[in-house]
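What follows is a single structure, written as structure tokens, with notes after it.
The values are calculated or read from the model by the stated rules, or taken from the named source; none is laboratory data. Fair warning: this is a prediction, and the values are worked out from it, not measured in the lab. With ideal geometry, Cβ positions are generated from the backbone for all residues, glycine too; neighbour counts draw on all protein chains shown.
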Amino acid sequence: MAVNDYTQPESSYATPKRVIALFRDKEDAYRAVSRLEKARFTSADIGVMSAGETSTATSEGKESIWDKLKNFFTGESNENVNYRDTVSGMNWDQNRSDYYYRGISEGGALVSVSGTRVEEARSILADAGGDLRESGFEAIPRATNTVGIEEPDQTIQLRGEILRTFKERIQRGEVRVRKDVVTETQTVEVPVTREELVIERVPTSEQQNVTGEIGTDPEIRVPLSEERARVEKQPVVKEEVRVGKRAVQDTERVSDQVRREELRVEKDTKLEEDAERTRRGKKPAA
């Protein structure tokens, strides 16, 4: 009889602060227990039960509910002990008991967590794939098995992978914007004026009186001026350039390979042949 380290005190069975999850694969159940331990749940809070491996805790040598279930599943129970009696302390109805029994018999496991952190445990067990249902068991069809109890139909989960997309922002390039100084020659025509000497001769009569002696008149000086163009440079704003960014929507295709499970049904012809021989009154082949 294999007993692991995950224990469940019998005193906690009566408290409503307990959550129970059914795992179709007991390896999934053990992985869920590992998650619980990482979340600092103690072995006193956790109980695990599978068809041949059950964690138990007893008080003063008294057989616990989990002990009764373990003995029943492994075939060590008394003939007078039926399955319904073994789970009476768990407050389960017949439908729920049968549902768990079938799940464990098919290689699954039950994980029980009690204490004040059951809601946190519920979240961990659900994330690990546990079946946490607490009602709806009566809707599952049942069939009579070899030990005389009604069992629900088996269910198989077909799993598949889906693609989930995520977007991350990366730098696709960099643009540098700067100014260069360009030198060019510019020609501007500026109108200017200048003074020129104008000499006008006016005829006179010979009888006009002459003043002064010949050769004694002073020379006449006439200043002549002109305008000259001068260049001065002054910086001005000729143009304004705005630099910014805008978001452009595009579509990018991503692809990857995904897997999915398909149901395969294999027919056991030997069982049919043995059933046919039994129907005809012949002994089945060994």
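Has the range 133-143 got at least one residue that is within 30 Å of Asp93 (Cα to Cα) and modelled with pLDDT of 85 or more? It would help to see each step written out before you state the result.
First pass over the range 133-143, keeping only residues within 30 Å of Asp93 (Cα to Cα): 133-143.
Next cut, modelled with pLDDT of 85 or more only: 133.
Yes.
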Extreme residue, modelled with the highest pLDDT, among residues of the range 199-233 that are in a loop (DSSP other than H, G, I, E, B) and closer than 30 Å to Gln186 by Cβ: Ser225
Residue within the range 176-198 that is touching a strand residue (DSSP E or B) at 6+ places or on another chain (Cβ under 9 Å) and surrounded by 10 or more Cβ atoms within 10 Å (Cβ to Cβ) present: yes
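Just for the range 158-175: of the residues that are acidic (Asp, Glu) and within 30 Å of Arg259 (Cα to Cα), which one is surrounded by the most Cβ atoms within 10 Å (Cβ to Cβ)? Give the steps one after another, and end with the answer.
The first filter runs over the range 158-175 and keeps only residues acidic (Asp, Glu), leaving 161, 168, 174.
With the extra rule that they be within 30 Å of Arg259 (Cα to Cα), the set shrinks to 161, 168.
On the way: Glu161: 11, Glu168: 4.
Top of the filtered list is Glu161.
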